[in-house]
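What follows is a set of notes on a single structure, which appears directly below.
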Amino acid sequence: MAAPAAFSAAPAYAGNGNGQANTKIQEATDIVKRSDLEFGTIISGSTDSIVIVNPNTGGRSTFGSAVEAGGNVSPARFELTRRPLILYTITVPSAVTISSGSDTMVIDNFTLDVPPFRLAPPVLPVDEFNVGGSLNVGANQPAGDYSGTFTVTIDIL
C-alpha cells in the first residue's frame, strides 16, 4: 500500500524552443516565344503518318504515306531573360491536341535543342532554346488549318 505514495506526481515545467523561418526570393525570369512550332503544309495519305520537326536543324522528316507540300517549317523558339549562372529546368508537355474545327491531330515527343537541365551562360542575360515535336497525321486526315497551344515551363533551382 505504500507504493502509490512513491509515485506521487512531480511538478511539470513547460519549455520553450525557437525555430527559424527562411525563404529565398528569386528575381523574375521572363520567357518569350520568338517563333511557333511550324510543320508546314502536309498532304495526308492513305495510312497514318508522322511528321517530325527537328529542334536542332529546323528540318522536317515525314514517315508514312503523307507528303510534304512546302510551307513554313520551324521549331518553336523561346528566349529566357535571367541573370547569369542560374540553374533551371525546361519542361515540355508529353502531348497536345491541335484542331481545325472538330478535326484533331496530336503533337507528341516534344524535344529540345538543349539539355532540359541548364546552367545559364555567364555572359548574356538571354538564353535561347528551340522546341521540336512529332505531328501524328491520321490516314486521310481532313484538310484544314490546324492549330493549338502548348506550354513550356521554366523552374529555377
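Which numbered condition in (1) at pLDDT 95 or above; (2) on the phi < 0 side of the Ramachandran plot; (3) surrounded by 11 or more Cβ atoms within 10 Å (Cβ to Cβ) is the only one that G58 fails?
(2)
Of the residues that sit in the stretch 102-157 and are assigned to a strand (DSSP E or B) and aromatic (F, W, Y), which one is nearest to D48 (Cα to Cα)?
Ranking the candidates gives F110 first.
With within 17 Å of I31 (Cβ to Cβ), touching a Phe, Trp or Tyr at 6+ places or on another chain (Cβ under 6 Å) and at pLDDT 95 or above as the only criterion, which of P93, P75 stands out? Talk me through it step by step, then tell me what you get.
Working: P75 fails: touching a Phe, Trp or Tyr at 6+ places or on another chain (Cβ under 6 Å).
On inspection, the qualifying residue turns out to be P93.
For the stretch 77-94, name all the residues that are among the aliphatic types (A, V, I, L, M), touching a Pro at 6+ places or on another chain (Cβ under 8 Å) and not in a loop (DSSP other than H, G, I, E, B).
Residue satisfying the conditions is I90 alone.
If we keep just the residues of the stretch 2-52 that are among the basic types (K, R) and modelled with pLDDT of 70 or more, which is surrounded by the fewest Cβ atoms within 10 Å (Cβ to Cβ)? Give the steps one after another, and end with the answer.
First, pick out the residues of the stretch 2-52 that are among the basic types (K, R): 24, 33-34.
Among the residues that remain, those that are also modelled with pLDDT of 70 or more are: 33-34.
On the way: K33: 13, R34: 10.
Checked the stretch 2-52; the qualifying residue surrounded by the fewest Cβ atoms within 10 Å (Cβ to Cβ) is R34.
List every residue pair whose Cβ atoms lie under 9 Å apart, where the two residues are 6 or more positions apart in sequence or sit on different chains, the first residue falls within the stretch 131-150 and is more than 18 Å from S35 (Cα to Cα), and the second residue, located anywhere, is surrounded by fewer than 17 Cβ atoms within 10 Å (Cβ to Cβ) and at pLDDT below 95.
Hits for this filter: zero, empty list.
Given the criteria under 30 Å from L85 (Cα atoms), among the hydrophobic types (A, V, I, L, M, F, W, C) and surrounded by 14 or more Cβ atoms within 10 Å (Cβ to Cβ), does I107 qualify? Reasoning before the result, please.
Numbers: under 30 Å from L85 (Cα atoms): no; among the hydrophobic types (A, V, I, L, M, F, W, C): yes; surrounded by 14 or more Cβ atoms within 10 Å (Cβ to Cβ): yes.
No.
Where residues in the stretch 79-90 are among the hydrophobic types (A, V, I, L, M, F, W, C) and surrounded by 13 or more Cβ atoms within 10 Å (Cβ to Cβ), which of them is modelled with the lowest pLDDT?
First, pick out the residues of the stretch 79-90 that are among the hydrophobic types (A, V, I, L, M, F, W, C): 80, 85-87, 90.
Of the ones still in play, those that are also surrounded by 13 or more Cβ atoms within 10 Å (Cβ to Cβ) are 80, 86, 90.
Details: L80: 85, I86: 80, I90: 93.
Selected residue: I86.
Regarding the stretch 42-59, can at least one residue be identified that is in a strand (DSSP E or B) and charged (D, E, K, R)? Step through it out loud before you land on a result.
The first filter runs over the stretch 42-59 and keeps only residues in a strand (DSSP E or B), leaving 42-43, 49-53.
Cutting the leftovers down to charged (D, E, K, R) gives us none.
Looking through the stretch 42-59, none of the residues is in a strand (DSSP E or B) and charged (D, E, K, R).
Among the numbered conditions (1) without any contact (Cβ under 8 Å) to a residue 24 or more places away in the chain; (2) buried (at least 16 other Cβ atoms within 10 Å of the Cβ), tell me where V96 comes up short.
Status for V96: all satisfied but (1).
Go through the stretch 110-140 and give me each residue that's among the acidic types (D, E) and either at pLDDT 95 or above or surrounded by 17 or more Cβ atoms within 10 Å (Cβ to Cβ) (or both). Show your work before the answer.
So in the stretch 110-140, the residues among the acidic types (D, E) come out as 113, 127-128.
Scanning the stretch 110-140 gives D113, D127.
The values are calculated or read from the model by the stated rules, or taken from the named source; none is laboratory data. Please read these numbers as outputs of a predicted model, since none were measured by experiment. No Cβ is skipped: glycine too gets one built from the backbone with ideal geometry, and neighbour counts run over all protein chains shown.
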